[in-house]
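Everything on this sheet refers to the single structure shown next.
The values are calculated or read from the model by the stated rules, or taken from the named source; none is laboratory data. All of these numbers come straight from a predicted model, not from anything done at the bench. Neighbour counts run over all protein chains shown; Cβ positions are idealised from the backbone, glycine included.
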Amino acid sequence: MSLPLIEVDAALQHAIANFELPQPLSFGARTGPVLFVADYRDGQWQPGELVEFGPIPLNPAATALQFGQQCFEGMKVFWVAQEQPAAFRLPAHIARMKRSADRLCMPSVPAELFTQGIASMAHAMKPLIPRGSGDSLYLRPMLYGCDERYPVASAENFRFAIVCSPSGPYFAKPIRVLVERTGSRAAVGGTGDIKAGGNYAGSLLATQRCKQAGFDQPLWLDPASRRHVEELSAMNVAAIIDGEFHTPALSGTILAGITRDSLLTLARDRGMVAVERSMAVDELLDQIASGRCSEFFACGTAAILNPISAVADGERVVQLRAVGQQAAVLKQALLDIQEGRASDAHGWMSAC
Ligand SMILES: *Cc1c(COP(=O)(O)O)cnc(C)c1O
């Protein structure tokens, strides 16, 4: 059962026709002129609408603002070598947002409504979807509680909205990460394994301290033992060790990245051994120092792969020997599927 594409009215058509893409087009530099909204009211999802992007009314006492009752997704639509724009791993994003919504006591967005929203956005934005290699329409679906509440309690009315940004490639220069030994991104039994807005505000201070120390991002450890590598604030991590692909196993405090999952699959497709396991940070630092670990990188939708050039732990700094070699091969393999040059053997692309 699929819902029809939502029509673009004359006013919105005008806004799209008059929208100027930033030059040069970088990643996420400007929000596109179209906004999709659908409300959950009286226990039911109401029909979705496309409106011109702009500020939206929100009750200042809404649970989204007071208690962080909010979750989101980040995904891409590609239109490079394909006839039609195509979304990457849409069902996986829908399923992940459902897990986030369940965890935060929000109604999940029905797959048909989510799909209608993405397809209608892609259709309306067609004149503005950049079509060079590495370009995409980046989409940010979000769900939040709208009712005012003073005691801590869930809202009953919610909004699902999608904003977009016609984007150029994310220029991923190698980053230097700093092992975070005091703060935690997530708690055992907490919300680290869902894409909840509140997870990110809590990570900002560590990032700020990291930058002051001359590094780019904190490398978070597991919050229970503080001995195992987890991820960055908005990207998973993986390493090439003895020629194998290793990434921390989903521990309950790691966000299950769709890029991470895709790279595990592509590494196996290429005949590489790909392992999910708990990765002790001290061991990893030794393996980097000895050269057994030749590459370490971050992965996520925006950058796909972002090489890491150095890892610091207090005074100790270890440098990666090869920066981004295998990473570049895997990134290209993924881009070839996303941009329609390679066969989509895993059924990851859905035409919009
Ligand atoms: C979004 C996100 C990732 C990457 O997930 P993708 O689905 O690959 O974009 C990894 N870690 C965190 C904490 C995230 O928020």
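Inspect all residues belonging to region 128-136 and state whether any of them is buried (at least 23 other Cβ atoms within 10 Å of the Cβ) and out of contact with any Leu (no Cβ under 6 Å at 6 or more places or on another chain). So far as region 128-136 goes, yes, one or more of its residues are buried (at least 23 other Cβ atoms within 10 Å of the Cβ) and out of contact with any Leu (no Cβ under 6 Å at 6 or more places or on another chain). Taking the criterion of being crowded, with 16+ Cβ neighbours inside 10 Å, within 17 Å of residue 347 (Cβ to Cβ) and within 16 Å of the ligand (Cβ to nearest atom), the residues of region 70-93 that qualify are 75, 76, 77, 78, 87, 88, 89, 90, 92, 93.
Residues considered: 327, 322. Of these, the only one that is in a helix (DSSP H, G or I), modelled with pLDDT under 95 and of a type outside the set (Val, Ile, Thr) is 327. Among all positions in region 51-69, there is at least one residue which is surrounded by 14 or more Cβ atoms within 10 Å (Cβ to Cβ), modelled with pLDDT of 95 or more, within 16 Å of the ligand (Cβ to nearest atom) and of a type outside the set (A, V, I, L, M). Checking each residue in region 117-127 for being surrounded by fewer than 21 Cβ atoms within 10 Å (Cβ to Cβ) and not basic (Lys, Arg) picks out 123, 127. Counting only residues that are surrounded by fewer than 14 Cβ atoms within 10 Å (Cβ to Cβ) and in contact with a helix residue (DSSP H, G or I) (Cβ under 7 Å, 6 or more places away or on another chain), region 319-352 holds 1 of them. Every condition in (1) more than 14 Å from the ligand (Cβ to nearest atom); (2) modelled with pLDDT of 95 or more holds for residue 302 except the one numbered (1).
I need every pair where a residue in region 257-270 that is within 15 Å of residue 73 (Cβ to Cβ) and within 6 Å of the ligand (Cβ to nearest atom) has its Cβ under 9 Å from the Cβ of a residue that is at pLDDT 95 or above and part of a helix (DSSP H, G or I), sequence separation at least 6 or different chains. Matching pairs, first to second residue: 257/263; 258/92; 258/93; 258/96; 259/334. Quick one: which of 147, 193 is away from the ligand (no atom under 11 Å from the Cβ) and of a type in the set (Asp, Glu)? On inspection, the qualifying residue turns out to be 147. Candidates are the residues of region 20-50 that are of a type in the set (Ser, Thr, Tyr) and farther than 14 Å from residue 163 by Cβ; the one that is modelled with the highest pLDDT is 40. Per this entry, residue 241 is not counted among residues that are over 25 Å from residue 302 (Cα atoms) and touching a Lys or Arg at 6+ places or on another chain (Cβ under 9 Å). The requirement of being in a loop (DSSP other than H, G, I, E, B), free of Cβ contacts under 8 Å to residues at least 40 places away in the same chain and surrounded by fewer than 23 Cβ atoms within 10 Å (Cβ to Cβ) is fulfilled somewhere in region 303-316, by at least one residue. Among the residues of region 234-256, those identified as buried (at least 20 other Cβ atoms within 10 Å of the Cβ), within 14 Å of the ligand (Cβ to nearest atom) and not aliphatic (A, V, I, L, M) are 236, 247, 248, 253. Restricting attention to region 157-190 and to residues that are in contact with a Cys (Cβ under 8 Å, 6 or more places away or on another chain) and closer than 24 Å to residue 141 by Cα, the residue that is farthest from the ligand (Cβ to nearest atom) turns out to be 157.
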